[in-house]
Structure formats: C-alpha cells, structure tokens
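Chemist: Next up is a structure, given as structure tokens.
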Amino acid sequence: MPETVMNTDPVSAASPGSQGPAAVGTDVFEPVIIAFVCNWCTYTAADLAGTSRLSYPDNVRLVRVMCTGMVDTQYVIKAFLEGADAVLVSGCHPGDCHYINGNYKARRRITLLRQILPRFGIDAARLRLTWIGASDGIEFARTMNRFVTQIKELGPCQTRLHAVI
Amino acid sequence: MIASLETRDKSVTRTLQGFFEKILDTGAADAVLVPSRVSDSSFVKPCLFTRTGGLSRTLPLGPGFFVNAGPMVSRLTRTPGGGRMAVWLRPCETRAFVELTKLRQGSRDGVILISMDCPMALSREDYEAWAGKGPDTGTVEAWIRRVYQKTGSREPAGPEPGPPGTESGIGKWPVSRACQVCDTPWPVNADVSVLLLGSDLDRTISLRGDTEKGDAFLAGLELDAGREPETRKTVMADLETVHGSAFQAMDAAVQEQTHAMDRLAAFFSACINCHNCRSVCPVCYCRECVFNTDALDHDPGQYLAWAGKWGQVPLPFDTLFYHLTRMAHIGCTCVGCGQCTLACPSHIPVADLFISVSRAARAAFDYVPGRDDAEPLPLSVFRESEFSDTVGMGEVP
C-alpha cells in the first residue's frame, strides 16, 4: 500500500528506518515531493504498482484526495511553504473523471499556479500535473522515478532551507 | 446616444450635483449612489441618496477613494430591492461590480451603472495633506481641471492644487500607484459613460449611453444632444502610453523585489496579518474565508516543530500563505483599484504586487476583469482541449 502522509511536516514525516530525506546540510539531497493523487485513478495506480512489486523512490508522499478537482490552490501553496521540494497533482485521464470534470478544473488551477509561483522563484518544473489511470501501475512508478530524478537535478526548494512563511 | 450637460457656474462638481438632482426630481431613478463627504469630514464614502437635500456634499470627481463601491452596489442588488438606482462608479468600481455579478453577488437589473473617465485617487497620506480640514469646491475644481486636461505628454494646465505629493519615481503624478499604472482609466461596460477627457469642462460635459438601458435613461432625462469631445481619443491614447510605461517600470521593480521566496518574505515582513487588504478587496468574494476558520488554528506543538525544522518561526504565522492564496484566488479578477495598499497599516505596497501578478495571470486565460458580462471567471469554467502544456512531466528523456 502506498503511504498516505497525514503529518503536515514533510521532513519529519519520513517513516522511521526508511531511506527518507536526509537532513539539510548532509551531502545527499533527498527531495520531498508531495503528490495529491485522486482516489479513483492515480491512487489506485499507486496501489497497483505496490501489488505489482514495482519500486519507486520514497521521496514521494502521497496524499489521497477524492478528486484532483478538490485540490485548491492553497494546498499546493501550503505544501511548498512547508518545505516541499516539489508538488505533483495527478488524476484521471480527460473524460475518465469519476466526477465528470474535476480534472479539467485542476488543469486550470495548476495553469494559474504555474503563472504565479515561478515569479517568486519556485520553478514551474517543481509543480506537475499528470493523468495516470487506475491500470497504469507501470506508468505511475515511471512518473515517480522521473519526477524524483528531475527534482534531484533542480536541487532543494528555497522554502526547505529557510522559514519564509 | 450622447447627451450633454451645460456646465453651471464653471463648476463641474456643481454641474454633476445638478445632474443627480435631476435624476431624483424626474424620477429617472429612486436613488443615486455617489461619493460624498460624511458630515464635515474631508473623507468621502459612497452614499445612497433618495432626497436632493444632501447632494451638495457629494464629490463625484474628487481624488478621495477609500471604499471601492463595487461591493457596495453588490449589497444593494444581491436581491431585488424594489427601487431603481443610479450608481456613480469609477471604472475600477464598475469592473469590480461586474465581477461580483458573475459570482451572483449582485445584479445589474434595476440599477443604472454610470461611470466616468477616472478622476484618479491620491494615496491616503497625500489625500490627508491635500484635503486638509475639508476640500473646498475650488480645490476640487482645480483637481478636476488638472486630471482631465493633463494628457501625459503635456504639463498640467493651471496651478498645482494642494501639495505636489510625493515624487514616485515612476510618474510625476502624485496619484496612487494603482492609478498611475491603470490600463483602463475610462468606462468600459457601464450603462452610461461620462466623457471628460479632452472636454471643455467650462462649457459642457458629455454623457454617452452604452446600453439600451443607458440610452433610455438618458432619453428620460431630456438632456441636450452632445458629442464625444474631439480630442478624447488622442488623450486616451496618450494616457495609455504613459500608464503602460508606468506599469512596465513598476512590474520590473516588483519582480526585482520579489523574485525569490525570501525576497517575497521580506516584501511582506511588515505584515501584521490584519487581513485589511482582504476586507477592502472588492473581488475577494468568499462569504467565509478559510483564513477565518479553525483550519489554521495550529496545534501549539506544531509551532515548536516548525521552529525545530528551520531554527526559527515568525509569528503571527501563515503570512505568505495568506497572500499567495489570495493571489491565486483573485489573481484573474483583481481590478487594480489599489484599495489594498490604501488600507495597509504597515504601508506595504500590496497592490503593486497584486497588479503585477494579476496582469500575468489573467493573460494566461485571455481574461480581462469587468470587460464583458458574458466572459466567465477563468476558474469557473474549462474546455476539454486546452492548456496541454500544463500536463505532463516536461521533456521526454
């Protein structure tokens, strides 16, 4: 089962004994990525990846939501301000939304945030929106691997290093 | 149609007061909403008049702008009130009201929107200095002449009214920054537009009906025929250029000031979380704001955890969270009225940042607030095929 993180502090939320993010200042940068995944598609895909024994980095903390259409812009903003290095919003493919059109709404909100956040130094590449269907366990693991690689290359987000809230 | 008012006693203010009197006397409307001095104070507020008696205190074209009347008209029209109202709104107030009607927080039914080439506004400090104990008619008239006869490329005609205000470094007008960079300081989407730019104010003032309702309203007042001032379009083009370059300069300055999160934190470092900017924001529309709920009543231990993570934690907390969330919520609908800056007790130029961000945000959706009643709010609609660049993981390895 994918881990659903309830703790709002992404750094301390690393599960004990895992290869979780290293403390700031150590040599290896392990990013913290908050992924808001919809119950019906991407979360199910994550589940499938797990039962299929596909591995993906534990830098990604999944937050299960019923639909990407309920991911208000403030969830993403709060995640960054709390020190997340990147945020992923992932839901059903267009036309597949369990609530008919929530994913289209999410696409507009993320488009807006990708206009706003880069102005303050949060690279647009740190905020991604993807569609991963319930049967796409392989795609899920591939996306998570790729995202973690990308963010490792980008380095830590400023908000992780300093309190800017 | 275009009608005209003959200027009375060489006073634009008196002429417009007469116009409001006429509206009430002829029954063209049962009430008029006009900015007016309250008692003998120099400050003005939108006041709803049903009798002509108090109209001599109104200042329809003064530089005092401390309440955006858009939400006030929303209060007056959210359910049918039974009477017909004529409301006198600055262009940014009209835009705000139109945005609120899209959110079903007001209705254009039963209300005539009269808007005008904008008289601009002073910052609070400058206004206090300018108005003194109470602006007399002469001071206000001088202001009016200055605003409408200035084209941007010409020096102001006549003597400077009141203190010259502060040199902003962006423009020589001592008007508030939001006004300096305003992209539409003239009426768009009103029922009646008052055409003042380029007008010979000592002789006539022209009013143009822009909707059927507006035309019928003007016809009912039986005014003389008028025409658009000949040089108005030229003056508008001049203003557009001047305001456009003022915006470019401000935008660059703001981006330089806030290009990183720690810079943004510095920008808002004087913020005391009073949320005044939200209270006065005409388009911050939620009935209950999340920042008033217990969602942010953090557990006491949480603060220690945050302090443990970063070594320190500023209190009150969630300042940037509040401002960034507001930016996301109203980014596309910000009408650029500058009330947030006027209301900030810590003198943070909030509007500079919000105007700068909102111009970029709304461009992404090809949206202009207030331009068209039929244009839906960007975050309230979607199309099946759009913004494909938003989706995906970027370059394919």
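Chemist: For the structure I just gave you, tell me whether B:T333 is within 10 Å of another protein chain (Cβ to nearest Cβ), surrounded by 13 or more Cβ atoms within 10 Å (Cβ to Cβ) and in contact with a helix residue (DSSP H, G or I) (Cβ under 8 Å, 6 or more places away or on another chain).
Modeler: Values: within 10 Å of another protein chain (Cβ to nearest Cβ): no; surrounded by 13 or more Cβ atoms within 10 Å (Cβ to Cβ): yes; in contact with a helix residue (DSSP H, G or I) (Cβ under 8 Å, 6 or more places away or on another chain): yes.
The answer is no for B:T333.
Chemist: Taking the range B:247-274, which residues are under 14 Å from B:L324 (Cβ atoms), buried (at least 16 other Cβ atoms within 10 Å of the Cβ) and touching a residue at least 12 places away in the same chain (Cβ under 8 Å)?
Modeler: B:T258, B:M261, B:L264, B:A265, B:F267, B:F268, B:C271
Chemist: May I pose another question? Kindly check whether there is at least one residue in the range B:363-373 that is part of a helix (DSSP H, G or I) and within 21 Å of B:C289 (Cα to Cα). Show your work before the answer.
Modeler: Filtering the range B:363-373 down to residues part of a helix (DSSP H, G or I) leaves B:363-364.
Restricting the remaining residues to those that are within 21 Å of B:C289 (Cα to Cα) gives none.
Checked the range B:363-373: no residue is part of a helix (DSSP H, G or I) and within 21 Å of B:C289 (Cα to Cα).
Chemist: So how many residues does the range B:354-385 have that are on the phi > 0 side of the Ramachandran plot and either hydrophobic (A, V, I, L, M, F, W, C) or surrounded by fewer than 17 Cβ atoms within 10 Å (Cβ to Cβ) (or both)?
Modeler: Looking only at that region, the number is 1.
Chemist: Could I ask something else about it? Can you name every residue in the range A:64-96 that is closer than 24 Å to B:T319 by Cα and surrounded by fewer than 19 Cβ atoms within 10 Å (Cβ to Cβ)?
Modeler: A:M70, A:D72, A:Y75
Chemist: For the range A:75-165, list the helices (runs of 4 or more DSSP H) that sit wholly inside it and hold at least 1 residues that are more than 8 Å from chain B (Cβ to nearest Cβ) and either without any contact (Cβ under 8 Å) to a residue 60 or more places away in the chain or touching a strand residue (DSSP E or B) at 6+ places or on another chain (Cβ under 7 Å) (or both); which are they?
Modeler: A:102-116, A:137-154
Chemist: Would you confirm, using the coordinates I've provided, whether A:V24 is outside any strand (DSSP E or B), buried (at least 19 other Cβ atoms within 10 Å of the Cβ), out of contact with any Phe, Trp or Tyr (no Cβ under 7 Å at 6 or more places or on another chain) and at pLDDT below 95? Quick ask: steps written out before the conclusion?
Modeler: Values: outside any strand (DSSP E or B): yes; buried (at least 19 other Cβ atoms within 10 Å of the Cβ): no; out of contact with any Phe, Trp or Tyr (no Cβ under 7 Å at 6 or more places or on another chain): yes; at pLDDT below 95: yes.
So A:V24 fails the test.
Chemist: Looking at (1) farther than 19 Å from B:G331 by Cα; (2) surrounded by 16 or more Cβ atoms within 10 Å (Cβ to Cβ); (3) out of contact with any His (no Cβ under 6 Å at 6 or more places or on another chain); (4) of a type outside the set (D, E), which one does A:F120 not meet, given that it meets all the others?
Modeler: Status for A:F120: all satisfied but (1).
Chemist: Can you tell me which residues in the range B:207-233 are of a type outside the set (A, V, I, L, M), part of a strand (DSSP E or B) and within 17 Å of B:A190 (Cα to Cα)?
Modeler: B:R208, B:G209
Chemist: Among B:R78, B:R124, which is the only one that is over 23 Å from B:S206 (Cα atoms), surrounded by fewer than 20 Cβ atoms within 10 Å (Cβ to Cβ), of a type in the set (K, R) and over 19 Å from the mean Cα position of the chain (by Cα)?
Modeler: Numbers: B:R124 fails: over 19 Å from the mean Cα position of the chain (by Cα).
When all the criteria are applied, what remains is B:R78.
Chemist: Which ones in the range B:298-320 are of a type outside the set (A, V, I, L, M, F, W, C), closer than 28 Å to B:V350 by Cβ and out of contact with any Cys (no Cβ under 9 Å at 6 or more places or on another chain)?
Modeler: Hits for the range B:298-320 are B:H298, B:Q302, B:Y303, B:Q312, B:P314, B:D318.
The values are calculated or read from the model by the stated rules, or taken from the named source; none is laboratory data. Only a predicted model underlies this, so the values are computations on that prediction, with no experimental measurement involved. Backbone-built Cβ (ideal geometry, glycine too); neighbour counts: all protein chains shown.
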